[in-house]
Amino acid sequence: MEPALRRLVVVSNRLPVALRREEDGWKLKQGSGGLVTAMAPVLKNRGGMWIGWSGASDPGRGSKATDETDMETLFADFTEEAGYELCTVPLTREEVDGYYYGFSNEIIWPLFHDLQSRCRFHPRYWRTYLDVNFKFAEVVARRSSPEDYLWIQDYHLMHQAFFLKSMGVRRNTGFFLHIPFPPPDIFMKLPWRAKLIQALTEFDLVGFQTVQDRRNFVGSLHRLMPEAKVEGRGAVVAVNMGNRSFRAGAFPISIDYAQFSEMAAQPEVARKAFDLKEALRHRKIILGVDRLDYTKGIPERIRSIQTLLRRYPDLKGKVNFIQIAVPSREEVDEYKELRTEIEQLVGRVNGEFSFPGWVPVHYHYRSLPHDDLVAYYAAADVGLVTPLRDGMNLVAKEYCACNNKGDGVLILSEFAGAAAQLQRHAYLVNPYDVEGIAKALHRALHWQLEERKAHMSRLREQIRRNNIFRWVDSFLRAGIAKSLEDFPEVETVHFNRV
Ligand code: GDG
């Protein structure tokens, strides 16, 4: 029989905090990004442990003893405040280069986003990826117990179940892929495709963002392991491998809807949104928010603004496009080049159209404090979310959650996972079709209020119902046939708020 209370152990590449060495020792900084946004409130409410790399790649520089005492104190403070434990996996510079920058970001990231021409299939990257996965598995084996439920996150750690099993360590494991799973014709380009897909079959549950991702996975599985037999047809299917079986399912990730909506309603945030509108003289605001990444379609989006202003000159002086680009993977040449390309494009568009008192494109290359970001969402008339490919895209959902007035329009790429859920009430576009986006923008800016409200209220309702807590619950139910409520409770701030 299952024990009534099981601890949840989350394993991911990065911890939800960043460790930085400063003059006076180590400091903990809250991390950012989709994964942290998604998981932090869950562990906070339910307790447990999060295992991951701290983000520091040279742990041996200072005095080891001081470092360890420093970190222990920092972690103890964190646990007290956050309600769950942290456990770090230290990595060397070489490991970070091969496993993180190399295999994860130069192979899996582009390949799984259908951009195989950007892949660098170096065998060294594969070997380091395996070594680091083994290192993670050793820590996981040591720090967890057979009663725990292990929830492994994302493409950096696809070999966890494989290595745990090869060490003879029995654990109940679930894996969730935050990025898309590519169609078989693309996956088959991976030199280590058979080993990778086999490793995925070693988890007890493999979760994807959409049903299409799961179909793509099953398609590759059929090609590489013909003995696999799929049973069932719902959101979660069983895969029988002859001597063993596992489950594969679609679990669209979401946001803490109530937290975003309530923050947007706070007087100080509403004031910030108003000040922003006033600073822009109450012109219509089109907003883009992304990590600066080549999958997000930022250059195409800026070109669509250029096309919009060329095609519909009456909009000159009446709209502003604000692009917030959060620095990401800044050490990588490709990301540096993308930054330059975006800055040049912004300069070109502003050079072409600006006049005294009006600059069409406002570009911010920095991460904003959470309440500022929410104020931008609340102030925007149009959320322009046009990734070339995206696992889900939380920005699309956050924009809607913050649109408490309910009069905004979401323009969404058909290649974002979010489109599968939001397609009926978002304005879907092909992110490569610059003219199509310009046309969608023009329409959105001229839509009747009633129509905008009808669509936005349905979008908000769908996101409110299918929120982050439902995501966790459905994954855990599929993984251990238990729900979130079976985990020891630390505090019930957000759960069951729907
Ligand atoms: C991966 C997958 C999937 C953005 N700017 C600021 C800021 N953000 C936060 C947003 C949002 C997060 O970053 C971005 O999440 P996305 O989902 O849009 O994209 P990825 O980072 O690529 O995430 C993606 C996700 O994992 C979850 O599974 O949806 O498909 O690629 O939450 O709010 N946060 C702050 N300031 C900013 O300026 N504080």
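Here are a few things to note about the model shown:
- Neighbour net charge for residue 376 - beta-carbon separation under 12 angstrom, K R +1, D E -1: -3
- Residue-by-residue Karplus 3J(HN,Hα) for segment 281-287, coefficients 6.51, -1.76, 1.60, Hz, glycine and proline x: 6, 6, 6, 5, 10, 9, 10
- Residues whose amide H falls under 5 Å from that of residue 179, counting only those 5 or more places apart or on a different chain, are 155, with hydrogens built in the peptide plane.
- Beta bridges from DSSP with both residues in segment 257-465: antiparallel share about 5 percent, rounded to the nearest 5.
- Segment 216-286 versus segment 414-455: alpha-carbon centroid distance in Å: 18
- Calculated SAXS-style log₁₀ I(q)/I(0) at q = 0.11, 0.12, 0.13 Å⁻¹ - the chain, Debye, Cα scatterers: -0.97, -1.15, -1.34
- What the phi angles of segment 449-458 give under the Karplus curve with 6.51, -1.76 and 1.60, with θ = phi - 60°, is a coupling list of 4, 4, 5, 4, 5, 4, 6, 5, 5, 6 Hz, glycine and proline written as x.
- Paramagnetic reach from residue 371 (point 7 Å along Cα→Cβ, amide N under 13 Å) across segment 247-271: 263-271
- Loop GluC sites (Glu not before Pro), segment 226-289 (other Cβ atoms within 10 Å of the site Cβ: 14 or fewer; DSSP): 227
- Under 5 Å, built H, 5+ apart or other chain: amide partners of residue 251: 208, 209, 210
- Computed over segment 257-465, the percent of Cα pairs more than 26 Å apart is 28.
- Other-chain or far-sequence residues with amide H under 5 Å of residue 47's (modelled H): 490
- Each peptide among 122-128, 202-208 gets the average number of other Cβ atoms lying within 10 Å of its residues, and from highest to lowest they stand as 202-208, 122-128.
- Sorting 407, 97 by the number of Cβ atoms found within 10 Å of their own Cβ, with the fewest placed first, yields 407, 97.
- Remark: segment 223-238, residue by residue, has Karplus-estimated 3J(HN,Hα) of 6, 9, 9, x, 6, 5, 10, 8, 10, x, 9, x, 5, 10, 10, 9 Hz, where x stands for each Gly or Pro and the curve is 6.51 cos²θ - 1.76 cosθ + 1.60 at θ = phi - 60°.
- Label point 7 Å beyond Cα of residue 238 along Cβ direction - residues of segment 193-207 with amide nitrogen under 14 Å: 205
- On the basis of the beta-carbon distance and an R0 of 45 Å, residue 138 and residue 461 show a calculated FRET efficiency of 0.50.
Laboratory data are not the source of any read-out in this text; all were calculated from the coordinates shown. Values in this document were obtained by computation on a predicted structure and should not be read as measured data. Note: ideal-geometry Cβ built from the backbone for every residue, glycine included; neighbour counts use all protein chains shown.
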